Amino acid sequence: MKRYIKIVALSSLLVLGACSEDFLENEPYTDKVTENFYKTPSDAFEGLVAIYDVLQREAYGGPLLISEQASDDCFGGYGISDAQTDLEWDRFLYVSDKDMNKDVWANAYLGIYRANILLENLDKVNWGANTALKTRYEAEARFLRAHFHFTAAKMFGDIIPLDHTVTTSEFELPRQAPEVTYALIANDLKFAADNLSNDNYSQAGNENFGRITKWAAEAYLARTFLFYTGVYGKTDLAGVITKAQAVTYINDVVSNSGHGLVADFANLWLAASLENFVGEDNTEMVWAVRFNGSGKGNWDLHEGNRFQVNIAPRGGSIGRYATGWGGATVNPKLVSEYKNGDTRKAASFIDYATENLNFDAQAREQRQYTGYSWKKYCPITNAAGTAVVEANGGNFQIDNYQDYAIIRFADVLLMAAELNLEGNAGLAQTDLDRVRDRAFKNTTNRVTATKENIMKERQLELALEGQRYFDLIRQGMTVAKQAIDSNTGDSQFNVTFRTETQGWFPLPQSQIILSNGSMTQNPGWN
């Protein structure tokens, strides 16, 4: 079966060839397929770009939005007449849409498929003497394959790891034990970390910003190590990476990557610091998904950040904040966790009352209004009060352009603090201090480096960045339930975390049906 990369319909050629036996035996004239495509390094680069392209689809409202709604940091939100699925993600229900997580599953496996296509065809390319370029493309593709596997595994638990493109006889493969999936992830990330150069693309204007680096791979190894060992109670990452190796990798990023903290936390976020925004290709971004607004309303393109509209203020622009759908309203409990003087509070959340914004929740039909919305990633207006994306000719739903930060250097420091805690407490303290000193702009608000304090700092520093829920479940069901359960006396905000789910989300019912019995639903979701 041919795997099509691009199809160009030229019926005249098909008609001319229909009467010729040669046509049946020659290469396709009108299609690029894997059998005739991978010949030059340029072809391989197109295949690599196709893998990166899937990253943009993650920002439609997938793991980032779902996990924040499921965490203790946000509720479901959106409008009073909107779908119930967002309330169900928030409340751990599975009623109205049995395929509610299909996009997460489909996008992950689309990325895995595209990565495997390239990896299986690298040897067909005429690399000449440039074997280093082949190694680089392999490292980037394997990193991305690991990322897509981890995206699915941290959401669904046991998944189907694929290190090759499947044949028709493999369409009903069963899910595998976590150590099988994570061994593939770890080996892919290790290859990337050990084979990519020391390049750092975070300088302003660098054309490679957004591409995988050695530093991103080392940081991702640490993230995966912490999740896997925490959730599954293991001492190493699937027998591939020991804790000592994970420590070495993360310390290498801290000491040698050239990445660092932006001086002012607020300047990382456009809506928080319009005048002093440092730009997205800054030293703190170890790896980010790139977006731009070039689509200009074309729904067939996927260049814009389609996530941003989800969390922007519902019912029209207000102040500097452009309009959106009001999803994932922020839990006041999170806002109250910030101490006086912590600059991250005002930079992370829109506080309608404090900012004197007259947000009429009833008129705007805002569901689960809390008085707080996302400032991180919120689209902005121009001086005339028009959404910038619309003023530039785009569609406010699909053409927002802010990059999505997957790994910031602050996260690297906090992972390093956690991993060094037992073996080098002094270094752990230094790493934690760097994050907290930046937050308060002084050295007088430091706290002792303990596991509890590091996890709290992760919540405050990385709020609304898609890490909180997974940080909770890797600490165990008791910790997760204690944090997530909510009973404020107002029933619209009642949440009960169900430990029987073990923290995993329900599999798409369509995939269970297609598996013909080889897959069963995750516990607690039947």
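The values are calculated or read from the model by the stated rules, or taken from the named source; none is laboratory data. All values derive from a computational prediction rather than experimental measurement. Note: ideal-geometry Cβ built from the backbone for every residue, glycine included; neighbour counts use all protein chains shown.
In this structure, is residue 179 under 23 Å from residue 231 (Cβ atoms) and of a type in the set (Asp, Glu)?
Judged against the criteria, residue 179 is a match.
Give 524, 503, 476, 489 a once-over and let me know the one that is surrounded by fewer than 17 Cβ atoms within 10 Å (Cβ to Cβ) and under 18 Å from residue 159 (Cβ atoms).
524
Among all residue pairs at least 6 apart or on different chains, which show Cβ distances below 6 Å where the first residue, located in region 361-381, is within 22 Å of residue 346 (Cα to Cα) and the second is among the polar types (S, T, N, Q) and not in a loop (DSSP other than H, G, I, E, B)?
368/492; 375/348; 376/348; 377/308; 379/308
Checking residue 68 against (1) in contact with a Cys (Cβ under 6 Å, 6 or more places away or on another chain); (2) without any contact (Cβ under 8 Å) to a residue 24 or more places away in the chain, which test does it fail?
If we test residue 68 against (1) in contact with a Cys (Cβ under 6 Å, 6 or more places away or on another chain); (2) without any contact (Cβ under 8 Å) to a residue 24 or more places away in the chain, just (2) comes out false.
Here is a list of conditions, (1) modelled with pLDDT of 95 or more; (2) within 25 Å of residue 304 (Cβ to Cβ); (3) under 27 Å from the mean Cα position of the chain (by Cα), and residue 372 meets all of them except one; can you say which number that is?
Failed condition: (2).
Go over the candidates 246, 204 one by one and state the one that is closer than 27 Å to residue 421 by Cβ and among the small types (Gly, Ala, Ser).
Going through 246, 204 in turn, just one is closer than 27 Å to residue 421 by Cβ and among the small types (Gly, Ala, Ser): 246.
If you scan region 109-124, which residues turn out to be touching a residue at least 40 places away in the same chain (Cβ under 8 Å) and closer than 20 Å to residue 191 by Cα?
Passing the criteria: 111, 112, 113, 114, 115, 116, 117, 118, 120, 121, 122.
Check 317, 348 and return the single one that is of a type in the set (Gly, Ala, Ser), in contact (Cβ under 8 Å) with a residue 12 or more places away in the chain and surrounded by 23 or more Cβ atoms within 10 Å (Cβ to Cβ).
348
For residues that are over 18 Å from the mean Cα position of the chain (by Cα) and either under 18 Å from residue 335 (Cα atoms) or not aromatic (Phe, Trp, Tyr) (or both), tally how many sit in region 461-502.
The qualifying residues number 27.
Counting only residues that are touching a residue at least 40 places away in the same chain (Cβ under 8 Å) and surrounded by fewer than 16 Cβ atoms within 10 Å (Cβ to Cβ), which one in region 80-98 is nearest to residue 314 (Cα to Cα)?
80
Do we find a residue being at pLDDT 95 or above, outside any loop (DSSP other than H, G, I, E, B) and either touching a helix residue (DSSP H, G or I) at 6+ places or on another chain (Cβ under 9 Å) or in the same structural domain as residue 70 (by TED's automatic domain parsing) (or both) anywhere in region 361-368?
Within region 361-368, not a single residue is at pLDDT 95 or above, outside any loop (DSSP other than H, G, I, E, B) and either touching a helix residue (DSSP H, G or I) at 6+ places or on another chain (Cβ under 9 Å) or in the same structural domain as residue 70 (by TED's automatic domain parsing) (or both).
Let me confirm something: among 80, 66, 117, which residue is in contact with a Ser or Thr (Cβ under 8 Å, 6 or more places away or on another chain), of a type in the set (A, V, I, L, M) and modelled with pLDDT of 95 or more?
117
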